[in-house]
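These notes are about the structure you will find just below.
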Amino acid sequence: MGTTRKVWVSILAVLLLAVAGCGSGTGGPGTAGGSGSAKSFTLYTCVSDTTINPVIKAFEKAHPGMQVKLYRAPTGDLNARIAGDIRSGGLRADAIWACDPLTMQDYVGQGLIGDWTPATDIPEEYRTDHYVGVALLYMVAVTHEGVAPPASWKDLTDARYDGSVAVPDPNIAASALGALGYFAADPSYGLDFYATLKKNGGTQLSTPTDVVNGVAQGTYKAGITIANSAYAAKQSGSPIAVTWPDPGSVAIYGPIALAKHSADNKAAKSFCSYVTSKQGQTVIADSGSYPTLAGVPGPTEPADAKIVSPDWMKLSHSKDKVLRQYQSIFGGR
Amino acid sequence: MGGRRSVAPPVFEQARARWALLAVVVVAVLALVVVPLAAMVRTVTVDAGGRVGAVLTAPGFGSAIGTSLIVAAAVTALAVPVGAAFAVALRGSHVPTRTALRVAVLLPVLVPDFVLGFSWLAAFGRSGFVDDLIGWSWPGVQSLAGVTVVLAVNAAPVAYLLTVSGLSARAESDLEWAARAAGARPWTVLRTITMPLLAPSLAMAATVVFVLALGAFAIPEILGSATGVHTVTTRIYADLASSSDPASFVAAVTLALVLVLIAAAVVGPADALLTPGLRTTRTSGGSLGAAPGGRVAGRLAATMMWCYLAVAVGIPLLALLATAVTRAVGVLPVPSNWTLANFTAVLTARNGEALGRSMVLALVAASVLAVLGGVVALLERDRAGRAAGTLVALTFVLPGSTLAVGLLIGYGRWIGGSLLIIGLAYLAKLWALAHRPVSGALDRLPPEETHASRVSGATSWVALRTVLLRPLAPALLAGWLVCFLTGLHEVTMSSLLYGPGNETLAVVVLNSEELGQVGLTAALSVLLTLLVLVLAAVLWWLVSRVRRSVGVPDVR
């Protein structure tokens, strides 16, 4: 009898605690909304966990009382989330930190973001009237230990890699989309490059990290991926080699922008200013990503690294067509 | 439902109280199920009328439905015999390590489904754990076959539990002993006595497993999506979570509706056919006697069962642990490569908050459901109440993906991305689970007791508290336990409904897996699995204490 009562009392206590916990802040419609109070804001991003977490931590430390509500997903999922937002009452983000300019240009076209950028010393090539590039992704080649690395991107279509090249999915990963844009626009590559890779038995995986894992495990001899992911795996001991093939590693800049409806959100603006400042750029660099601000030392980069980039503005007009052509080769999610 | 209930007097003699409770239930069913479904139908028929034709004829649409049907049928064909074999074999006292086996057999359903899928990949996939150890791998684990086998492993304990309850209600050990005494061989007894008696329970198990497999999401997502195997549920996820094309949205809603139609088409006839058979009660009273069987057969059965469990969960969980402590992808899981780095990396404040959200959601949902489930069970003693009960039982058929899409369309505008909408989804999905045990326990109560207490002047509340609540406590707690554990690692609906800063821990694990963060996913999975198993053990202990203290014997 006594024990039953004790058991019931303890259950009741647990329940009350739970309900109290629920009341104190986690749930409720209020927390879902976009603009919110000036002290907190919602950030949508595709930037990797390893970078975004330290950046938010440093920002919140530098701006006591300000809080970032984070939604983090690969670019494909981010687009879907934004489309869902628009269907159900409007964009819920106050700021978006994308991983490539093409995706961001789309948001500008939809009238979702822009009209304000923070004052910054970041070079003009990474800036428009609507957004500022704050981090760079470099597309590199990764090979399993013992496999001869490709000297040029074209080498990946060689017989020695037959049936064993992995590429990330441009429908999911912005970096892959940027690389696709570069190769599609380069007449000596074009979409034929992808068609040959596919014909030789190339495999499309979803994210650049999947490519690194597949090559590290020896499932694939080589792959196209992003430098920070490849170097991180190599550093922790994965049996891979990283190369920057000719004509160069494809550089893709990830821009940040303020949502139009959040023009007076102080916290969101502070965050944009922070990540474009020297302080924020240093945190980005320390986390293993490549900063855009000159003079901030970034992670591993070969001394003679060649870097190429597509004409983003030109590409933004042909993006959908190129993606469709690519999908007819590799398929899409 | 059963005729026995009609003789019972209602607990709530004041009509007002009864109607108020009934109204609560009806409003809840309307809000949780009817409005979302209606919103979906509206989206498909009115808002997107022009696009539906294109959606229905798109190549991915038919193939997803076909894949789902094939998978669900194959999973049923595999899981039901395995579950039933365990149930029949574990009746015999001649089976060594029987008690341990009875706990171990439940592991595949206690381990979160996405963890099971990820563990199988880590264990048997290319360059996986077994490949590292003995150079053997099963590339098919990431294919239709892999999805089917792992779903079957996951569903077998459900088939086992349903068969066990069928055995305890119907199988006549006296008959079996008599047949054995008369010289029948064990196989003959099984074939001619045990199996025919079990047939209705097996059919019910098959129905339940089919519906579960049809609505399953995490395992097909982890093992199938990468290789292009799409079921209806993973297609809905891809359409909603990874595509901004408006046509994808219509496709997702249409698929979600088709899914519920398929489930209803299977369950409707099965329920009508099976219910009379399941209602027959056992003729001989007393506790469940042990089935006859030989010592050698018992040893053999135990060995086979342990081997199965080793392959189905043992090796996969070991592989998960090995992946979590190995410092990098592509290196052998030997001690020189061990590290705790993955564990320290996932012990972040954000993951802690996600765990907190999962706990709060599971606790609140389970507690609200214990009340709602109890209310419905009490109301079932009159006709209107019985209709409400049937309605609640039917929510079991609704796949999680369908409910999530419906809630998103119905309420997304106001509460989209909040914990509240995830909580509502849990309530809608798990209601049937909370209601079933209470309803069953109430069936077994002598109706005279409440009547007597009311006649002797007790108020409804006193009658409820003194006569009903005590004996119903174990069932309420059991329902609470099932809902809590399910809610703790629910991912099908949460992954479609969560918003910025509102991830549950299960969503964090799924996202980490989809990003290819192998070591971190493994570490998170190990922690989540440990948490679930420890909580399950503690709560189970609590339930059996309550059971014993109110004098209900342990159902073994």
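What follows draws every value from the coordinates through simple rules; no lab data is involved. Remember, it's a predicted structure, so these values are computed and weren't measured experimentally. Glycine also receives a Cβ, built like all others from the backbone with ideal geometry; neighbour counts cover every protein chain displayed.
For a straight C-alpha distance cut-off of 22 angstrom, the lysines reachable from A:Lys234 (same-chain residues fewer than eight places away being disregarded) are A:Lys221, A:Lys306. For a paramagnetic label modelled on A:Asp162 (point 7 Å from Cα along Cα→Cβ), amide N atoms under 16 Å away belong, within the range A:219-233, to A:221-222. Under the shape rule built on the C-alpha gyration tensor, where the axes satisfy a ≥ b ≥ c, the range A:125-238 is oblate, since a/c reaches at least 1.5 while a/b does not exceed b/c.
Stokes-Einstein D for the range B:102-169 at 10 °C, 1.306 mPa s, Kirkwood Rh over Cα pairs, in µm²/s?
Translational D for this selection: 121 µm²/s.
Shown in residue order for the range B:212-222 are the 3J(HN,Hα) couplings computed by the Karplus curve 6.51 cos²θ - 1.76 cosθ + 1.60 at θ = phi - 60°: 4, 5, 4, x, 5, 10, 4, 5, x, 5, 6 Hz (x for Gly and Pro).
Adding -39500 (n - 2.57) for every DSSP H run of four residues or longer, then dividing by how many residues chain B holds, sets the calculated 222 nm ellipticity at -23000 deg cm²/dmol.
Kirkwood hydrodynamic radius computed over the range A:180-333 comes to 18.0 Å, based on all pairs of distinct alpha carbons.
The Cα-based radius of gyration and maximum Cα-Cα distance (Dmax) for the range A:148-206 are 11.1, 29 Å.
A simple spin-label model places pseudo-atoms 7 Å from Cα toward Cβ; at B:Thr227 and B:Leu30 they are separated by 4.9 nm.
The charge dipole of the range A:50-100, taken about its Cα centre with unit charges on the Cβ of Lys, Arg, Asp and Glu (plus for the first two, minus for the last two), comes to roughly 160 debye. As a proxy for reagent exposure, B:Val149, B:Val158 were ordered by neighbouring Cβ count within 10 angstrom, fewest first; the result is B:Val158, B:Val149.
Please list, or write none, the lysines whose alpha carbon is within less than 19 Å of the alpha carbon of A:Lys266, excluding same-chain residues fewer than 8 places away. Here the lysines satisfying the reach criterion relative to A:Lys266 are A:Lys39, A:Lys57, A:Lys61, A:Lys69.
Listed from fewest to most Cβ neighbours within 10 Å, the set A:Phe183, B:Phe118 follows the order A:Phe183, B:Phe118.
Straight-line cross-link partners of A:Lys154 among the aspartates and glutamates, defined as a Cα under 16 Å from its Cα and at least 8 positions apart when in the same chain: A:Asp162, A:Asp186, A:Asp192, A:Asp246.
If the chain between A:Asp264 and A:Asp129 were fully stretched, how many nm would it gain, using 0.36 nm times the residue separation less the Cα-Cα distance? So the extension gain works out to 46.8 nm. About its Cα centre, the range A:180-333 has a charge dipole of approximately 420 debye under the convention of +1 per Lys or Arg Cβ and -1 per Asp or Glu Cβ, with nothing else charged. Distance between the modelled labels on B:Thr192 and B:Ser93, one decimal in nanometres: 2.6 nm (7 Å Cα→Cβ projection). In order along the range A:167-183, the phi-based Karplus estimate (6.51 cos²θ - 1.76 cosθ + 1.60, θ = phi - 60°) of 3J(HN,Hα) comes to 10, x, 8, x, 6, 10, 9, 5, 4, 5, 5, x, 5, 4, x, 5, 5 Hz; Gly and Pro are listed as x. By DSSP, the beta bridges lying fully in the protein assembly as shown are antiparallel in about 55 percent of cases. With R₀ set to 41 Å, the beta-carbon distance separating A:Thr300 from B:Trp540 gives a calculated FRET efficiency near 0.20. Give the Rg/Rh ratio for chain B, taking Rg as the radius of gyration of the Cα atoms and Rh as the Kirkwood radius, to two decimals. Rg/Rh for chain B comes to 0.97. Close amide H contacts of A:Ala166 (hydrogens built in the peptide plane, cut-off under 5 Å, sequence separation of 5 or more or a different chain): A:Thr203, A:Ala222, A:Gly223, A:Ile224.
Fully extending the segment from A:Lys154 to A:Lys321, taken as 0.36 nm per residue of separation minus the present Cα-Cα distance, adds 57.8 nm. Between amide H atoms placed 1.01 Å from N, distances below 5 Å from A:Leu70 occur with A:Leu43, B:Gly501, all of them 5 or more places distant or on a separate chain.
The calculated FRET efficiency for the pair B:Ala17 and A:Ser328, based on their C-beta separation and a Förster distance of 56 Å, comes to about 0.30. Distant-in-sequence amide contacts of A:Ile307, defined by a placed amide H-H separation under 5 Å and a gap of 5 or more residues or a different chain, comprise A:Ser249.
What area, in nm² and to one decimal, does the C-alpha convex hull of the range A:203-247 cast on average over all directions? Don't skip to the end; give the middle numbers.
Values: hull surface 12.7 nm².
Computed as one quarter of the Cα hull surface, the answer is 3.2 nm².
Placing a label point 7 Å from the Cα of B:Leu56 along the Cα-to-Cβ direction, no residue of the range B:387-421 has a backbone N closer than 19 Å. Entry note: the protein assembly as shown has Rg to Rh equal to 1.00, where both radii use alpha-carbon atoms and Rh is the Kirkwood radius. Per-residue Cβ neighbour counts within 10 Å put A:Thr50, A:Thr120 in the sequence A:Thr50, A:Thr120, beginning with the fewest. Per residue of chain A, the DSSP helices (runs of n ≥ 4 H) give a summed -39500 (n - 2.57) that works out to -12500 deg cm²/dmol at 222 nm.
With R₀ set to 41 Å, the beta-carbon distance separating B:Arg383 from B:Arg548 gives a calculated FRET efficiency near 0.70. Spin-label model, A:Ala62/B:Glu353: points 7 Å from Cα along the beta carbon direction are separated by 1.9 nm. Rounded to the nearest whole Hz, the Karplus-based 3J(HN,Hα) values (6.51 cos²θ - 1.76 cosθ + 1.60, θ = phi - 60°) of the range B:302-317 follow the sequence 4, 4, 5, 5, 5, 4, 4, 5, 4, 6, 6, 10, x, 4, x, 5, with x at glycine and proline. Normalised by 2.2 N^0.38 Å, where N is the number of residues, the C-alpha radius of gyration of the range B:306-357 stands at 1.45. Rounded to the nearest 20, the size of the Cβ-charge dipole of the protein assembly as shown about its Cα centre is 3500 debye, with Lys and Arg at +1 and Asp and Glu at -1. A compact globular protein would have a Cα radius of gyration near 2.2 N^0.38 Å; the ratio found for chain A is 1.12. Against chain A, whose longest principal axis is taken from its Cα atoms, helix A:2-21 shows a tilt of about 60°.
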